[in-house]
Amino acid sequence: MGTNWLLMSIAGMPKIFSDFIPDNGLAILAACLKTNGHYVKILDYNTADTLQKIFDGRGLSDIRRIAEKVFIEKRKPSIPDIFKLKVISSRIEKQKQVVFDRITDDICEKVKQNSIDAVGIKLWAGDGFNYSLLLARKLKERFPDIKVFGGGPQVDIFQEEIFKITDDFDALCFGDGEETIVLLAESVSGKISLKEIPNIIFKNNGSIIKNNKKFVEDMENLPFPEYSQDVYEGIENKIRMFVLDESRGCNNHCAFCIHPVKSGKVRKKTPERIMKEIEYSIENSRVNLFRYAGSSTPADILEGTAKKIIEKNLKIAYTCFGHFEALAETDFQLVRSSGCMSIFFGLESGSPEILSRAMHKRNCLSIAESVIRNCKKAGIFTVCSVIYPAPFENRKTRKETMDFLLKTRPDSVLVQFPGLYPQTVWGRNPAKFNFTLETDNYARDVMTYQIKQFFPPRYWKSLPYRINGMSFKEYARETEEFQKELAISGITTFVSDEAYLLSKAAGFKHPEEFVNKNRYFLFAGLAEEIKKEIETINNNIIEV
Ligand code: B12
C-alpha cells in the first residue's frame, strides 16, 4: 500500500517576483512518489497570499511612501525614513511569526485530516529556513508517529551541520532527490532501513550518519514534473512559467561554487525528451514560458532543442544559464529564433589574475567578449554576474573588470560580494583566498543568517568573515559603489534573465521599469498588485 505525503516549501517572506514561479523540484519529487504508488500533495507557500497576510493592515502608508520614493522616484531614504523603516520592519517581523504560526496550524490540520505518513520540507536559506526548523519541531511534537524529512538547497550547502541545530528531521536529503524520496517512502512503510538509502544524512543514537552520494544518471527517463491542480495546491495562483530541468552538473570547478559537490559531472536529457516536456506543459498547463534549470546548459542541448522548437513552430519564450567557453561557437541567431530571450553568464571578473587565482575559472576574456557581442547582436538580453570585491582584488583588478564591462556592455550586470560556503574550494581553504573568519562556528552563523529585507546590505548584520582584510560593512559598501558606477555608465545592475522574460510577458518595454515596479509592490506589501501582475503574465501571449 502506498504512503501518504505532504511536500511543502516556504522560502520565507516573498522577496523577489520570481518567488511566484512554481517549484519544479517539488513537482518532480511528487511525480516520483505518484508513479511509485504513493499519494502526495504539494503545499507551496511562496505566494502573494503569504505576502498579503504578513502585511495585513500594518500601518502601511509610511512604508508605501518610502517604497515609492526609493523604487519609483529613485530618491534616497532620509534618516527619519530609516528610523520609520526600523519600526515598521519590527512590526512586520511580529506579524510574520503570526502568519507562520497559522501556516503551521494549516499544515497540522492537513496532516490530521489526510492521515499523512510523511512530510517533506524543502529547505531554503534565510527566514524560510528558521521557520522550517520550527515547523519540523511542531510536527514532531503534535504527530510523533509521522516522519519528517528535509531536502533542497540549504541541505546541499550545509549538510550535516543542520543536524547540529535540530533533531526534528528523520533524515535530510542532499543532491538528487528522485530515487531517495521513493526509498524514503519505502522506509516509512517499514520495508527498508535508512541505512540503505543514498543521499541522506540521519541521526542514529546521537551520532550523525551520512550515506553515500548517488546521482540520477538517467535523466531521460525521469517522469514529468507533477503540476496538476489536485497535487500542486494553488498552482493556478502561481506564475505560468516552468523551470525545465534539462541538464544537471557542471564540468567546471569554480572555487566559489557548490555545483562540483552538489551536482557532479554533466548529465542531460536529449532535445527529444525536452521537447516532449515542453509540449506536455503547453497542452496540459497552457505554459509557454520556461527557464532551463541547469547551471551550465550544454551547447548541444541549447542548439539541438532550439532547432526542434523552430521545426515544430512552437511559440515559447525561455532563458537559461550559459558558460562562455561552452557557448563559444553557438549560433545565437538560431537560439534567439527559437524563443531564447535571455542568457545569464557567470563572468565573475574582468581581471585575468582574479579569474585564475581567486575563481579557478577557465574564462578566457577574449572568448567572453565575443560571446557577449554575438549574444547581444542576436537580440538576446545578455546578463553577466560579477563577484566584487573578489579575493585578492586591488585597484588594478577592479579597473580591469570595470573596463571590460564598459567595453562589452552586457545588458545587465548583477554584482554580488563573495559568499563563502562550506564544501566549496573557498569554504575549505578560506585563509588561502584571503578570507578571515570572525567566528568559531562559521557554518551555524551563515546557515541561520537573516538579511534585513527592507535595508541595503550595509545595514545588515555583519557576515562573520573579512575579505582582503575588509569588514562586512566595508566590502558591502564596495559592492554598492561598483554597482553605482555601472549604473552611472548606463548599465543596469538589477535585471536577471527571468525578470527580463517576465517583463516581456507582462508587456513592459523596459525591464528596469517592471523590476522596480515589482520591487515596490513587494516592499510595500501590495499583494493585490502582485496578483494583478501575475494575472497579466498568465493571460498574455508573449511576442517571441
Ligand atoms: C530554477 C531556480 C529557481 C526557481 C525554481 C525553484 C527551484 N527548483 O529551486 C525559482 C525562480 C522559483 C527560484 C526562486 C528562488 N531561488 Co532559486 N534557483 C534556481 C536554480 C537556478 C535551479 C534550481 C533547480 O531547478 N534545480 C533542479 C531541481 C530538480 O532541484 P531542486 O529544486 O533543488 O530539488 C531537488 C533536490 O534539491 C531534492 N529536494 C528538494 N527539496 C527536497 C525535499 C525533500 C524532502 C527531499 C527528500 C528532497 C528534496 O530533490 C529534488 C529533485 O532532485 C538554482 C541554482 C542551481 N543551478 O541549482 C537556484 C537556487 C536554488 N535558488 C536560490 C535562491 C536563494 C532562491 C530564492 C530564495 C531567491 C530569493 N528570493 O532571494 C527564491 C525562493 C524560492 C521560492 N520557491 O520562492 C539559491 C538557494 C540558496 C539556498 N541555500 O537557499 C540557489 C542555489 C541559487 C544560488 N546559488 O543562490 N529559484
Using 0.36 nm per residue, how much length does the chain from residue 192 to residue 49 gain when fully extended, once their Cα-Cα distance is taken away? 47.5 nm
Qualifying lysines (Cα of each under 19 Å from Cα of residue 517; at least 8 residues distant if same chain): 15, 69, 74, 76, 238, 504, 509, 531, 532
A 21 angstrom limit on the alpha carbon distance is what I want to check against. Which of 396/461; 41/452; 138/262; 210/268; 140/203 exceed it? 396/461; 41/452; 138/262; 210/268
Lys and Arg at +1, Asp and Glu at -1: neighbours of residue 171 with Cβ under 10 Å from its Cβ sum to +1
At the level of C-alpha centres, the distance separating region 509-544 and region 1-41, in angstrom, is 25 Å
Would you be so kind as to identify all helices of the chain, as entire DSSP H runs, whose Cα atoms reach 15 Å or more along the helix's own axis and whose mean Kyte-Doolittle hydropathy is at least 0.0? 24-35, 178-188, 299-311, 365-377
When 220, 533, 512 are ranked with the fewest other C-beta atoms within 10 Å first, the list becomes 220, 512, 533
Just to confirm my numbers, what's the Cα centroid distance between region 337-370 and region 470-490 in Å? 20 Å
Counted neighbours (other Cβ, 10 Å), sorted fewest up, put 106, 49 in the order 106, 49
What is the gain in length, in nm to one decimal, between residue 541 and residue 36 on full extension, counting 0.36 nm per residue of separation less the C-alpha to C-alpha distance? 178.2 nm
How much length would be gained if the chain were fully extended between residue 528 and residue 300, taking 0.36 nm per residue of separation minus their Cα-Cα distance, in nm to one decimal? 77.9 nm
Take every DSSP beta bridge whose two residues both sit in the chain, then give the antiparallel share in percent to the nearest 5. 20 percent
Using the beta-carbon distance between residue 329 and residue 360 and R0 = 25 Å, what value does 1/(1 + (r/R0)^6) give for FRET efficiency, to the nearest 0.05? 0.60
Two-site label geometry, residue 98 and residue 489: point separation in nm, points 7 Å out along Cα→Cβ: 4.8 nm
Classify the chain: rounded, prolate or oblate, from the alpha-carbon gyration tensor (a ≥ b ≥ c, eigenvalue square roots; a/c under 1.5 rounded; otherwise prolate if a/b is larger than b/c)? rounded
So which cysteines of the chain have no other cysteine's Cβ under 4.7 Å from theirs? 32, 108, 173, 250, 320, 340, 364, 375, 384
Given labels modelled 7 Å from the Cα in the Cβ direction, how far is it in nm from residue 312 to residue 24? 1.5 nm
Report, in whole Å, the centroid distance computed from the Cα atoms of region 84-142 and region 186-248. 21 Å
Show that you can apply the helix-only estimate: for the chain, add -39,500 (n - 2.57) for every DSSP H stretch of four or more residues, divide by all residues, and state [θ] at 222 nm to the nearest 500. -12500 deg cm²/dmol
Which value, in Å to one decimal place, does the Kirkwood hydrodynamic radius take for region 1-96 when every pair of different Cα atoms is included? 16.2 Å
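Rule-based calculations on the coordinates, nothing more; no lab input. Model, not experiment: these values are computed from the prediction. Cβ atoms come from the backbone with ideal geometry, glycine included; neighbour counts cover every protein chain shown.
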